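This report concerns only the one structure given below.
Since every read-out is calculated from the coordinates, none of them should be taken as a lab result. All figures in this text were calculated on a predicted structure; none of them were measured in a lab. Glycine gets a Cβ as well: all are built from the backbone with ideal geometry, and neighbour counts include every protein chain shown.
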Amino acid sequence: MMEKFLAAISLVAFLVLTLFTGVYIGLSQRGADSYLSKVYLGLQAAGIQEDYLDSMWWFNLWTYSEKNKDKEGVVVYEKEKTFDGYTFVVQAPEGTKANLINMDGQVVHSWQLPFSQVWDEKLPEHLAPFIKETVPERFMTWRGTHLFKNGDLLVAYDTNTSPAGYGLAKLDKDSNLIWKAPILAHHDLDVAPDGKIYALSQNISVDPMEGYERLGAPIIDDEIAVLSSDGKILKEISVLGAFKNSEYYGEILPYLNNKDRCCDIHQSNPQRGDILHANTVRYITAEKAAATRHPLFKEGDLLISLREFDIIAVLDPEAEEIIWALRGFWRTQHDPDITGAGRIVLFDNEGDQREDPKRSRIIEIDPLTTQITWSFDGTEEETFHSLIWSRVQPLPNGNVLIDSYQDGELLEVTREKEIVWKYVAPMHKVRPLDNLMYTAALHDGQRFSYDELDFLKQSGESIPVKEQKNSEEQNKEKTP
């Protein structure tokens, strides 16, 4: 009996050894043409997604942070120093939902539309080439939004798997679907004055890209999808292609070919094909282009952010070419934007590592001199930190609104580096394991003046006279 048992064990061991030897040989073949390499990558991706779903519960929706464990709602409000208005908030645990809150943190309007009510088929056609099934809806959020004055809302359905984006949709103020676009929209989008939409999207190629053959495959090429105001896809611009068309191509190739480039966070790393990890696109208006005084910047260009390169760049969508790029004093940055004074402000996620490895900061750069003109990494009493995601919005009165994703908070900060408004995401749902260390993550936070959103007035939303006056006075102020 024992001999039969040992023989069975030996046979199993032999088969396992044979299997792993075959896989090793297959993976040792150079290039992306190895069949076993492709099978391995496919199995790896499937395994990662399967194992990762459980951890996503806290990572994509909840973050582990002690900072605000006993706080909720508006906890700081220095009214005479703030830029008052309504704040648009996407709180991750609420999924595909957004709220508009007043300065006291009260919800004045909401939007909500599950992905299954936009694409009602089990596996939408535009996703079928990349996945076998969609992730559970509780893991989807809106990341990449644009609120129109009439209450219409553009939303990108975002997940924390690959592909990152599931689709783009436009809703009316009552959350009814207006149109949908079958693109892998993710992270961010912007709308030009003429109504054109610029959305980050992805193209996942199983073959090496021309000019980037040494990177192998599969490879994720971030794209910028240009859409008409009614959701028709006009063109799709390859960001890697835009680099190849520019003078910066030779500079990025060595970095791309560095096997040790970048650590990474879960699925979004170069070793799994996410070469650039674009996270921001901003349309440059004529006013902002002029304010920078930079000879290369012009109306219609796009300011983008590439996390894996620690690069911010300007892309000409007509020429499909990178015309300016800068890698400087920041790491894994998010959400660069041009202020009224023509400077670029961004969320530096990893901050100044010499000071504190767990301390993010906001920095403002003069694109002409490339020097830091202002920064904020917290106060003596309160710092902030978010290794991933997060946003910053320059406000008309010179303040900045900071969305610290991992801290689950919004901070309004003055030029004198004083926190004059703070909002902590409320715990509307039961925290994982009922653990007070879990904080509801904030995907988005954007401030609108009281007189900016017409649909609230039309729906009977009243604005106190005092607040109207405050809004008008603040809009007259100039950004320093």
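Taken one residue at a time, the phi angles of segment 233-249 give Karplus couplings (6.51, -1.76, 1.60, θ = phi - 60°) of 6, 8, 6, 10, 9, 6, 6, 4, x, 5, 5, 5, 7, 10, 6, 8, 4 Hz. Gly and Pro are set to x.
Under the simplified labelling scheme, the Lys149-Arg331 pair shows an inter-label distance of 4.4 nm, with each label point 7 Å from Cα along Cα→Cβ.
Using a simple spin-label model with pseudo-atoms 7 Å out from Cα toward Cβ, His126 and Leu387 lie 3.2 nm apart. Going through the cross-link list Lys173/Lys422; Lys122/Lys422; Lys232/Lys288; Lys69/Lys457; Lys79/Lys196; Lys180/Lys417, which pairs have a Cα-Cα distance over 31 Å in this structure? Table pairs above 31 Å Cα-Cα are Lys122/Lys422; Lys69/Lys457; Lys79/Lys196; Lys180/Lys417. Rounded to the nearest 0.05, the FRET efficiency derived from the C-beta distance between Val206 and Glu416 at R0 = 60 Å is 0.65. Full extension of the chain segment joining Val108 with Asp230 gains 41.2 nm, where the gain is 0.36 nm per residue of separation less the Cα-Cα distance. Normalised by the number of residues in segment 114-327, the average gap of Cα pairs under 8 Å and 6 or more apart makes the relative contact order 13 percent. Shape analysis of segment 114-327 places it in the oblate category; the axes a ≥ b ≥ c from the Cα gyration tensor give an a/c of at least 1.5, with a/b not above b/c.
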